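See structure below.
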Amino acid sequence: MPIKNRFAETHAEITGWRRHLHEHPELMFHLPETSKFVEEKLRSFGITDITTGIALTGVVAVIEGQSNTSGRTIGLRADMDALPIMEATGLPYASKTPGKMHACGHDGHTAMLLGAAQYLAETRNFDGRVVLIFQPAEEGGGGGEVMVQEGLMDRWGIDEVYGMHNMPGHPTGHFAIREGALLAAADEFNITLTGQGGHAAAPHEAIDTNLAAAHVLIALQSIASRNTDPLKQVVVSVCTLRSDTDSHNVLPHQVLLRGTVRTLAPEVRDLAEQRLHDITRLTAAAHQCRAEIDYQRGYPVTRNHAEHTRYAAEAADQITPGTDRDTPPIMAGEDFSYMLNARPGAYIMIGNGDGATVHHPKYDFDDAAIPAGCSWFAQVVEDRLARA
């Protein structure tokens, strides 16, 4: 594995940073200690152009190259927030905050970008500027969108932007990417069905919302099986079904269905939303119930730009040859999509090896991936801002 020598030397140090972050997880936009840790590390590398407070707890730092005849700026992004999960790894560096856990590897992403920052600040072997983006609230808060809305791209003059996420099940330190849609648009819905509660022994005197909910849940699966082109992807998942009673002999007055819709194409997204409304409303009416639907569009598709996908893959091949350039799309969502909508760039996956998947209480980032991840960030900069 042709890792940059500096990262072989600093691997243990960067691993220590990662494990510190793992022990002290913070959620959404409330990342005071994480942001402070990042800022302190950046200053210790000799980086002085640091801005805090963007998107509340985001950190943006600038490293100038040895020259800037190109006049170009590359953005590198890492997410910093954790998840509201009770950790079950039993590791010596497990979360010290019950109910909060780095279960998606954002501790690893942050540590790898810090490692790359240390190297780039030492060498400055590039012609242009690098903007380091440490983002809060990827896990549902849309921190990437907030940073863009607060002027990230224009204020720092970013021309291209790149990000990375770990990928359990893929060999550690090896890379995977695809041109176009890599991760899905992620929408959410809440459906409230209202009928008429009553005694379980006299269902004819009630309007059974449980029965209506069961039919709605099943009927929604026809969006994928009968309404969508079989060659296009859509996922409709009802994840919560809750009535207003937990009794053995009461038919509920109301039932809540809550779930998500995932798509990779705009026309499928529009279709799925419309069909969810139609199916729910008409199925509820067939069971004499009233349906209230709250449908919220979330993160857009994470779509890699063709040219920049090639740049990202070429950088990856210099680190671990054999990059998978046609990895299947993933139906998870990612708010780096907002940055790719604002500027050209690419998002790449780095293998995390065997073990628990992300968002699992036994997940852990594989520290063996750190040198490859740091090297990729640095290689992208040195390739795209190559000195004459």
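In terms of its C-alpha gyration tensor, the range 1-122 comes out oblate, because a/c is 1.5 or above while a/b does not outweigh b/c. In this structure, the pairs whose alpha-carbon distance is over 23 Å, taken from Lys100/Lys362; Lys36/Lys100; Lys4/Lys100; Lys41/Lys362; Lys41/Lys96, are Lys4/Lys100; Lys41/Lys362. Neighbours of Thr240, meaning other residues whose beta-carbon lies under 14 angstrom from its beta-carbon, give a summed charge of -1 when Lys and Arg score +1 and Asp and Glu score -1. Using Cα centres only, tell me the gap between the range 148-205 and the range 306-354 in whole Å. Cα centroid to Cα centroid, the span is 17 Å. Based on DSSP H segments of at least four residues, each scored -39500 (n - 2.57), the chain has a per-residue ellipticity at 222 nm of -10500 deg cm²/dmol. For the range 162-172, backbone phi angles converted through the Karplus equation (6.51, -1.76, 1.60; θ = phi - 60°) give residue-by-residue couplings of 9, x, 8, 9, 6, 9, x, x, 9, x, 4 Hz, Gly and Pro being listed as x.
When DSSP beta bridges are restricted to pairs lying wholly in the range 165-324, around 95% turn out antiparallel. With the simple model of a label 7 Å out from the Cα in the direction of the Cβ, Ile50 to Lys96 spans 2.0 nm. Among Ala378, Ala206, Ala121, the largest mean-square fluctuation in a Gaussian network model of the chain, built with springs joining Cα atoms closer than 10 Å, belongs to Ala206. Nonpolar atom fraction for the chain, defined as the carbon and sulfur part of the 1.4 Å probe accessible area, stands at 50 percent.
Assuming a ≥ b ≥ c are the square roots of the Cα gyration tensor eigenvalues, decide whether the range 91-189 counts as rounded (a/c under 1.5), prolate (otherwise, with a/b larger than b/c) or oblate. Note, shape of the range 91-189 comes out rounded. Mark the label point 7 Å from the Cα of Phe29 along Cα→Cβ and return the residues of the range 41-66 whose backbone N is within less than 11 Å of it. Residues 54-58 fall inside that zone.
Distance between the C-alpha centres of the range 212-263 and the range 80-133: 36 Å, rounded to the whole angstrom. Surface analysis of the chain yields an accessible area of 41 Å² per residue, using protein heavy atoms and a 1.4 Å probe.
For the residues Gly142, Gly151, Gly90, a GNM of the chain with alpha-carbon springs under 10 Å puts the largest fluctuation on Gly90. A simple rule links phi to the HN-Hα coupling: the Karplus curve 6.51 cos²θ - 1.76 cosθ + 1.60 with θ = phi - 60°, which for the range 305-311 gives 6, 4, 4, 7, 4, 5, 4 Hz, with x for Gly and Pro. Each other residue within a Cβ distance under 10 Å of Thr209 adds +1 if Lys or Arg and -1 if Asp or Glu, for a net charge of -1. Considering only beta bridges that DSSP places wholly inside the chain, some 70 percent are antiparallel. Taken over the chain, the percentage of Cα pairs per 20 Å bin, counting from 0 up to the bin with the maximum distance, is 27, 50, 20, 3, 0. Seen through its C-alpha gyration tensor, with square-root eigenvalues sorted a ≥ b ≥ c, the range 147-238 comes out prolate because a/c lies at 1.5 or above while a/b is bigger than b/c. Please give the FRET efficiency for Asp326 paired with Asp229, using the beta carbon to beta carbon distance and R0 = 25 Å, rounded to the nearest 0.05. Result of the calculation: an efficiency of 0.75. Counting only other residues whose beta carbon sits under 14 Å from that of Gly373, what net charge do I get with K and R as +1, D and E as -1? Here the charged neighbours net out to 0. Each Lys and Arg adds +1 at its Cβ and each Asp and Glu adds -1 at its Cβ; summed about the Cα centre, the range 1-117 shows a dipole of about 200 debye.
The values are calculated or read from the model by the stated rules, or taken from the named source; none is laboratory data. On a predicted model such as this, the values are computed, not experimentally measured, just so you know. With ideal geometry, Cβ positions are generated from the backbone for all residues, glycine too; neighbour counts draw on all protein chains shown. To get the accessible areas, we keep the full protein, side chains included, count just its heavy atoms, and leave off ligands, DNA and RNA. Shrake-Rupley method; radii C 1.70, N 1.55, O 1.52, S 1.80 Å.
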